[in-house]
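Okay, structure first, notes after.
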Amino acid sequence: MDARIDKTLKITTPSDLEIVMTRMFDAPRHLVFDAMTTPEHLRRWLGCTEMPMTVCEIDLRLGGAYRFTLRSPDGRDITLQGVYREIVRPERMVFVERIVMPEFTTDEYQVTSSFADIGGKTRLTTTILHESKENRDGHLNSGIERGVTPAYDRLADVVAGMA
């Protein structure tokens, strides 16, 4: 592989129910995995200036729950919450998730994150599986790319500092 890596977030829809996001990170997969599952690191990249993280709770075990609350600029709390279904450190994790906002709560969807070792770098592939095309399209059209792209850029900075 070339010394340069493509750090562009790629989003595809391989089926009517799935959103797949892929991005390379210039760090070993155990660091990317840890940055996505440890509150001290997660707070640094998932929350941001515009939407700081006010709650970051993780019980990283099978059947364990998590809850992340972000505060929007207009003062609304947006919570991501779910339960871990599979954890194979540092290769893969599967969890179910829903988004809770003051005006609505999404249906539950499944998230599978795979961490592939590519010569000491990491290809993160996140597959979001919805129960219906309408739910998938709603999630896809919610601005997911505008939120995930800068978050993953911050994640890259966090893992660079962990090495």
Strands (runs of 3 or more DSSP E) lying entirely in the stretch 43-157 (those with 1 or more residues that are in contact with a Phe, Trp or Tyr (Cβ under 6 Å, 6 or more places away or on another chain) and more than 23 Å from THR13 (Cα to Cα)): 53-58, 77-88
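When the stretch 1-52 is examined, which residues are found to be touching a Gly at 6+ places or on another chain (Cβ under 7 Å) and surrounded by fewer than 16 Cβ atoms within 10 Å (Cβ to Cβ)?
Taking the stretch 1-52 as the starting set, the residues that turn out to be touching a Gly at 6+ places or on another chain (Cβ under 7 Å) are 1, 28.
Within the stretch 1-52, just MET1 meets the criteria.
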Any hit, the stretch 61-69, residues being among the hydrophobic types (A, V, I, L, M, F, W, C), buried (at least 17 other Cβ atoms within 10 Å of the Cβ) and in contact with a Lys or Arg (Cβ under 8 Å, 6 or more places away or on another chain): no
Filter pass, GLY147 being surrounded by 14 or more Cβ atoms within 10 Å (Cβ to Cβ), free of Cβ contacts under 8 Å to residues at least 12 places away in the same chain, out of contact with any strand residue (DSSP E or B) (no Cβ under 8 Å at 6 or more places or on another chain) and farther than 19 Å from ASP34 by Cβ: yes
The stretch 95-129, residues that are exposed (fewer than 15 other Cβ atoms within 10 Å of the Cβ), touching a residue at least 24 places away in the same chain (Cβ under 8 Å) and more than 16 Å from the chain's Cα centre (by Cα): MET101, PRO102, ASP107, ASP117, ILE118, GLY119, GLY120
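One line per residue, one yes/no per condition, for (1) in contact with a helix residue (DSSP H, G or I) (Cβ under 8 Å, 6 or more places away or on another chain); (2) among the charged types (D, E, K, R):
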{"residue": "VAL94", "(1), (2)": "no, no"}
{"residue": "GLN110", "(1), (2)": "no, no"}
{"residue": "ILE128", "(1), (2)": "yes, no"}
{"residue": "ILE144", "(1), (2)": "no, no"}
{"residue": "VAL148", "(1), (2)": "no, no"}
{"residue": "ASP157", "(1), (2)": "yes, yes"}
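None of the figures in this text is laboratory data; all of them are computed from the coordinates on show. Because the structure is a prediction, the values reported are computed rather than measured. Neighbour counts run over all protein chains shown; Cβ positions are idealised from the backbone, glycine included.
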